[in-house]
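K.L.:
Before anything else, here's the structure in question.
The values are calculated or read from the model by the stated rules, or taken from the named source; none is laboratory data. Bear in mind the structure is a predicted one, so any value in this text is a computation, not a measurement. Note: ideal-geometry Cβ built from the backbone for every residue, glycine included; neighbour counts use all protein chains shown. The protein model used for the area step is the full one, side chains on, heavy atoms only, and it has no ligands, DNA or RNA in it. Shrake-Rupley method; radii C 1.70, N 1.55, O 1.52, S 1.80 Å.
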Amino acid sequence: LKLSALALAVVTYLYIGAELREGPGTLPSVITKEYIAKSVPVHVDLLGNPPRGFEVKKEQIVVDPEKVMIIGPEGLIAPIDYLETQPIYIGRRGGTVKVRVGLKITKAVKGMDRQMVDVVIPIERIKK
């Protein structure tokens, strides 16, 4: 009988220790990870500057698609407001740039509906 009581006390001690390490009032993380899907806009990351006498018409930049669907744990995905493209180098470009580019993805994103977007960047001569 004493051996059974000791075994039960050890099991209880290990169980309570594991619960306390998870944090008071929380369930183990395996149970609480809920995945969500969220649509976020894509922002373009431009690198460099066009040649002298040219400018990027930022308000006319086109991204297709404008938004992507991301999937991941709710607590990590909820704060994400947008995704950025990989850097697009526009130095020494004196005309419209059309490129297919990948997206910067954080570890929080466990899935998405696409990993590439098409971007059109109008670069025009500065009118005097």
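K.L.:
Considering only the other residues whose Cβ falls under 11 Å of the Cβ of residue 51, what net charge follows from Lys and Arg at +1 and Asp and Glu at -1? Walk me through the intermediate numbers first.
P.N.:
Working: positive: 52, 92, 93, 125; negative: 55.
Neighbour charge sum, excluding residue 51 itself: +3.
K.L.:
Kindly report, to the nearest 10 Å², the accessible surface of residue 81 as traced by a 1.4 Å probe over protein heavy atoms only.
P.N.:
Ignoring ligands and nucleic acids, residue 81 comes out at about 110 Å².
K.L.:
Moving on to the next point. Expressed as a whole percentage, what fraction of the accessible surface of region 49-128 belongs to carbon and sulfur atoms when a 1.4 Å probe is rolled over the protein heavy atoms? Intermediate values should be presented prior to the final figure.
P.N.:
Working: 2590 of 5390 Å².
The nonpolar share, carbon plus sulfur, comes to 48 percent.
K.L.:
Let me ask another. Please work out the Cα center distance from region 29-97 to region 108-128, rounded to the nearest Å.
P.N.:
7 Å
K.L.:
Tell me the relative contact order for region 28-128 as a rounded percent, counting alpha carbon contacts under 8 Å between residues six or more apart. Spell out each step's value before the answer.
P.N.:
On the way: 209 pairs, mean separation 37.7, N = 101.
The normalised contact order for region 28-128 reaches 37 percent.
K.L.:
How high is the FRET efficiency from residue 35 to residue 64, r the C-beta distance, R0 25 Å, rounded to 0.05? Each step should come with its number before you reach the end.
P.N.:
Details: r = 27 Å, r/R0 = 1.06.
Once the sixth-power term is evaluated, E becomes 0.40.
K.L.:
Output the pairs from 57/98; 38/110; 67/104; 98/128; 38/104; 67/107 with a Cα-Cα distance over 23 Å in this structure; if there are none, say none.
P.N.:
Numbers: 57/98 14 Å; 38/110 12 Å; 67/104 14 Å; 98/128 26 Å; 38/104 16 Å; 67/107 19 Å.
Beyond 23 Å: 98/128.
K.L.:
Report, by chain and number, residues whose modeled amide H sits under 5 Å from the one on residue 45, excluding near sequence neighbours (fewer than 5 apart, same chain).
P.N.:
Amide H to amide H, under 5 Å and 5 or more residues apart or across chains, residue 45 pairs with 85, 88.
K.L.:
With each pseudo-label sitting 7 Å past Cα toward Cβ, what's the residue 49-residue 128 distance in nm, one decimal?
P.N.:
1.9 nm
K.L.:
Still on this structure: What's the FRET efficiency of residue 78 with residue 120 using the Cβ-Cβ distance as r and R₀ = 35 Å, to the nearest 0.05? Numbers along the way, then the final one.
P.N.:
Values: r = 31 Å, r/R0 = 0.88.
Step by step, r from the Cβ atoms, then E = 0.70.
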